[in-house]
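Report on the following structure.
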Amino acid sequence: TSFQYVLKSDNTAVANCHKVPGQEFNKRLLPVDEMEGAMSFSIREFLSMNPGARVVLTVSPVRHTRDGVTENNRSKARLIETCHLLKEKFDNVTYFPAYELVIDVLRDYRFYKPDLVHVSDTGIDFVFEKFCEVFMSTKAADLQKEIKSIIAAREHRPFHSSSEAHQNFRRSALRTLQELSKILPGTDFSDEMRFFSSID
């Protein structure tokens with residue numbers, strides 16, 4: 001959000017004001033130049049500690065309906081403008097259009113939960129798929145598919161658990177897990193391995 005809450009008693013900007021009555025705060029819509037300045041400082045600090053890092057900025061498609069539709073749109077517009085100014089300013093800063101994908105591409109209430117504010121699982125999957133296409137290497141994408149297949153295999157409920165076909169299916173899943181543990185040596189697959197080993 002581009003809205004800032006300032007404690008009236010000492011004029012301090014706060015990060016969270018949920019546990020204090022609203023009348024204790026002044027609310028202000030931050031100007032773009034102020035947000036850009038604060039974010040530039042944070043990005044410089046971060047990159048000084050992690051020179052090879054890439055910074056990905058995005059704006060949430062979830063509407064802040066409590067602010068009202070107009071105020072929500074003003075807030076989002078300022079955030080988007082700030083992101084683009086930062087992207088132009090820093091070589092290793094990029095922008096991922098999560099907001100635009102939901103608001104302009106999906107544009108249908110079936111991609112929202114019943115509250116018509118939060119994005120549905122289908123909408124989240126769509127945005128995540130686009131994120132992976134942009135930021136995930138082919139190797140990482142292949143790895144993700146392998147992990148998905150293991151999750152699907154574990155959730156699979158067979159009609160005939162003692163059949164040879166099902167035994168082969170689970171042995172195959174176990175082999176995949178063993179391969180994944182070589183590729184991802186720090187990852188603990190012991191529960192999954194126990195699950196797929198328990199067939200014999």
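The values are calculated or read from the model by the stated rules, or taken from the named source; none is laboratory data. These numbers come from a predicted model, not from an experiment. Please note: Cβ atoms are built from the backbone with ideal geometry, for glycine as well, and neighbour counts cover all protein chains shown. Please note that ligands, DNA and RNA were not included when accessible areas were found on the heavy atoms of the full protein model with its side chains. Shrake-Rupley method; radii C 1.70, N 1.55, O 1.52, S 1.80 Å.
From Ser172, Ser181, which residue is among the hydroxyl-bearing types (Ser, Thr, Tyr), in contact with a Ser or Thr (Cβ under 9 Å, 6 or more places away or on another chain) and in a helix (DSSP H, G or I)?
Details: Ser172 fails: in contact with a Ser or Thr (Cβ under 9 Å, 6 or more places away or on another chain).
Going through Ser172, Ser181 in turn, just one is among the hydroxyl-bearing types (Ser, Thr, Tyr), in contact with a Ser or Thr (Cβ under 9 Å, 6 or more places away or on another chain) and in a helix (DSSP H, G or I): Ser181.
Quick one: Lys182 ticks every box in (1) surrounded by 11 or more Cβ atoms within 10 Å (Cβ to Cβ); (2) more than 30 Å from Pro97 (Cβ to Cβ) bar one, so which box is it?
Unmet condition: (1).
When the range 65-79 is examined, which residues are found to be open to solvent by 30 Å² or more (accessible area, probe 1.4 Å) and either hydrophobic (A, V, I, L, M, F, W, C) or touching a Ser or Thr at 6+ places or on another chain (Cβ under 6 Å) (or both)?
Matches in the range 65-79: Val69, Ala77, Arg78, Leu79.
Take the conditions of a type in the set (A, V, I, L, M) and touching a residue at least 40 places away in the same chain (Cβ under 8 Å) and apply them to Val32. Does it pass?
So Val32 fits the description; yes.
Taking the range 35-73 as the search range and keeping residues that are among the hydroxyl-bearing types (Ser, Thr, Tyr) and in contact with a helix residue (DSSP H, G or I) (Cβ under 8 Å, 6 or more places away or on another chain), which one is nearest to Tyr95 (Cα to Cα)? Don't jump to the end; show me each part of the working.
Going through the range 35-73, the residues among the hydroxyl-bearing types (Ser, Thr, Tyr) turn out to be 40, 42, 48, 58, 60, 65, 70.
Those left that are additionally in contact with a helix residue (DSSP H, G or I) (Cβ under 8 Å, 6 or more places away or on another chain): 40, 58, 60, 65.
Details: Ser40: 14, Thr58: 6, Ser60: 12, Thr65: 24 Å.
Selected residue: Thr58.
Yes or no: the range 17-32 includes at least one residue that is in a helix (DSSP H, G or I) and farther than 30 Å from Ile103 by Cα.
First, pick out the residues of the range 17-32 that are in a helix (DSSP H, G or I): 22-24, 32.
This time we only want the ones that are farther than 30 Å from Ile103 by Cα, so: 23-24.
Yes; the residues of the range 17-32 include at least one that is in a helix (DSSP H, G or I) and farther than 30 Å from Ile103 by Cα.
Yes or no: the range 12-28 includes at least one residue that is loosely packed, with under 14 Cβ neighbours inside 10 Å, within 24 Å of Phe128 (Cβ to Cβ) and not small (Gly, Ala, Ser).
The answer is no, given that none of the residues of the range 12-28 is loosely packed, with under 14 Cβ neighbours inside 10 Å, within 24 Å of Phe128 (Cβ to Cβ) and not small (Gly, Ala, Ser).
Can we say Arg44 is part of a helix (DSSP H, G or I) and in contact (Cβ under 8 Å) with a residue 60 or more places away in the chain? Talk me through it step by step, then tell me what you get.
Details: part of a helix (DSSP H, G or I): yes; in contact (Cβ under 8 Å) with a residue 60 or more places away in the chain: no.
When the stated conditions are applied, Arg44 does not pass them.
Residues to consider are His84, His64; find the one that is of a type outside the set (Ser, Thr, Tyr) and in contact (Cβ under 8 Å) with a residue 60 or more places away in the chain.
Details: His84 fails: in contact (Cβ under 8 Å) with a residue 60 or more places away in the chain.
Only one candidate qualifies: His64.
Return the residues of the range 95-124 that are exposed (fewer than 11 other Cβ atoms within 10 Å of the Cβ) and assigned to a helix (DSSP H, G or I); say none if nothing qualifies.
Once the filter is applied, which keeps residues that are exposed (fewer than 11 other Cβ atoms within 10 Å of the Cβ) and assigned to a helix (DSSP H, G or I), the range 95-124 yields Asp104, Tyr109, Arg110, Asp121.
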